[in-house]
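One structure is given here, and the rest of the page talks about it.
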Amino acid sequence: MPHPSPGEPALLFDEDPQAYADLLATLHSARRNGRRLPARPRPIIQHSWNRVQRMGLPVDHRDPDVDERTVEAEHDALKEAHRAGASQLEKLFHTVLAGSIDGSGLVGVLTTRDARVLDRCGDSSALARADRIGFVHGARWLESSVGTNAIGIAARLGRPVQVHGPEHWCLDQHGWSCAASPVRDPATGTPIAMLDVSGPVREAHAAILALVRSLAAQVELTLRASHVENLERLRSRAMPLIQGITGMWVLCDRNGWVAGSNIDLGVDRVSLPDDSSSEVVLVPRLGTCRLQRADDVVLITHGARSTRHFSFSPSERRLDVHLDGTISAYTLSARHADIVHALLDSSSPITGVELASAVWGEAPISQVTVRAELSRLRRRFPGLISAAPYRLLAPVEVV
């Protein structure tokens, strides 16, 4: 299951938050006025500033895209999809977090995974300050709505982050320091919500990001326990499916998490095709297999030997596996798509050095990295790529 990221604090533990904000103000002023910067902002902030400037978002922008009508429906959807996790999330938010920041001038915020504010906590004066910058119920705090901010960056990158004072793009947020973390569903690795603690620059500290990450991690532990219980229930319910099977079988959920098998897989999760209608597929480590789906249960058994070929769409980074008249679609990472493209362009087997030059260009890259990428790709698609020197082992049609 995914390991939590420690996040990126904006401050050192012994840093003066106001003095650092004053320094950041000179950077922000130089950037927005087109002057030479006296120092470099953190890369995560510089990239965000680049994005919001490309959007044409002015520094005096004040439109957080408030839609309170969606809050109740979004809240209900979170509870429906993640009952145990949502309950723990609300409990921690309203007791642990609210109690921790009471009287501190800080504001706690719970948002959807795409940054829509669902709930807030804090004393009345702190909430009134938040109201003045549109940090309210139903507001969407994406970069496209309110510029560089912790919630927006955390939602975009999927990891914890702290944004301090004038690191925010919009001027009305320069008095604020914010720390946000995604809360991830261990079963899918995707965020289900965002937690944020924000407050005056003078109250900022690196420990605030640690607090937010700790609360998110506690919710993720509940989600992980619920996930394990779901796999156990799935295994018990699916036992009739495996009766009478004499060969290899693997039971998993719709995300590929293994609930049971009669072989040693060596992994907790198998890669299933994007296309849920596929019945004959290539499964990493298992080869050609047949899939039988029943609700949220997937039964994998060995398929008969068959001829296979592939089709590749460079623009969509999609590799289709054709087996026994069925097509299984897989989405490739940008790097793996480049590797397939390079092998298609080569009329003869190529070495790791040649492949590195074709895929990474002049960027410094070690052969260890090249071999690791090829190993992952070969495990995912058995019979597609040879060992070094590298070549395609099966026909690949470009579509």
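The values are calculated or read from the model by the stated rules, or taken from the named source; none is laboratory data. Model, not experiment: these values are computed from the prediction. No Cβ is skipped: glycine too gets one built from the backbone with ideal geometry, and neighbour counts run over all protein chains shown.
A few points about this structure:
- The criterion of at least 1 residues that are among the charged types (D, E, K, R) and in contact with a Leu (Cβ under 9 Å, 6 or more places away or on another chain) is met by the following strands (runs of 3 or more DSSP E) wholly inside region 283-383: 287-294, 308-313, 318-323.
- Against the test of being touching a helix residue (DSSP H, G or I) at 6+ places or on another chain (Cβ under 9 Å), crowded, with 24+ Cβ neighbours inside 10 Å and either in the same structural domain as D253 (by TED's automatic domain parsing) or polar (S, T, N, Q) (or both), the options S181, S145 yield a single qualifying residue, S181.
- The set of residues from region 168-179 being among the hydrophobic types (A, V, I, L, M, F, W, C) and within 15 Å of L11 (Cβ to Cβ) comprises W176, C178, A179.
- Of the residues in region 195-206, at least one is acidic (D, E), under 20 Å from K79 (Cα atoms) and touching a helix residue (DSSP H, G or I) at 6+ places or on another chain (Cβ under 8 Å).
- Test for T111: is it in a strand (DSSP E or B), of a type in the set (S, T, Y) and in the same structural domain as T222 (by TED's automatic domain parsing): yes
- Filtering region 170-209 to residues that are over 18 Å from C121 (Cβ atoms) and assigned to a helix (DSSP H, G or I) leaves L171, D172, Q173, V201, R202, A206, A207.
- Scope region 39-56; condition outside any helix (DSSP H, G or I) and either of a type in the set (S, T, Y) or more than 25 Å from the chain's Cα centre (by Cα) (or both); matching residues: A39, R40, G56
- Test: residue in region 59-73 that is modelled with pLDDT under 90, crowded, with 17+ Cβ neighbours inside 10 Å, part of a helix (DSSP H, G or I) and in contact with a strand residue (DSSP E or B) (Cβ under 9 Å, 6 or more places away or on another chain): yes
- In region 119-129, the residues that are under 30 Å from the mean Cα position of the chain (by Cα) and buried (at least 21 other Cβ atoms within 10 Å of the Cβ): R120, C121, G122
- From the options H168, H174, H164, residue that is modelled with pLDDT of 95 or more, surrounded by fewer than 24 Cβ atoms within 10 Å (Cβ to Cβ) and farther than 16 Å from L110 by Cβ: H174
- Failed condition for V212, given (1) in a helix (DSSP H, G or I); (2) surrounded by 24 or more Cβ atoms within 10 Å (Cβ to Cβ); (3) in contact with a helix residue (DSSP H, G or I) (Cβ under 7 Å, 6 or more places away or on another chain): (3)
- Residues that are in contact with a Pro (Cβ under 6 Å, 6 or more places away or on another chain) and of a type in the set (A, V, I, L, M, F, W, C), drawn from region 143-164: V146, A154
- Test: residue in region 261-278 that is in the same structural domain as V161 (by TED's automatic domain parsing) and outside any helix (DSSP H, G or I): no
- Test: residue in region 263-283 that is touching an Asp or Glu at 6+ places or on another chain (Cβ under 9 Å), surrounded by fewer than 16 Cβ atoms within 10 Å (Cβ to Cβ), more than 18 Å from T331 (Cα to Cα) and of a type in the set (D, E): no
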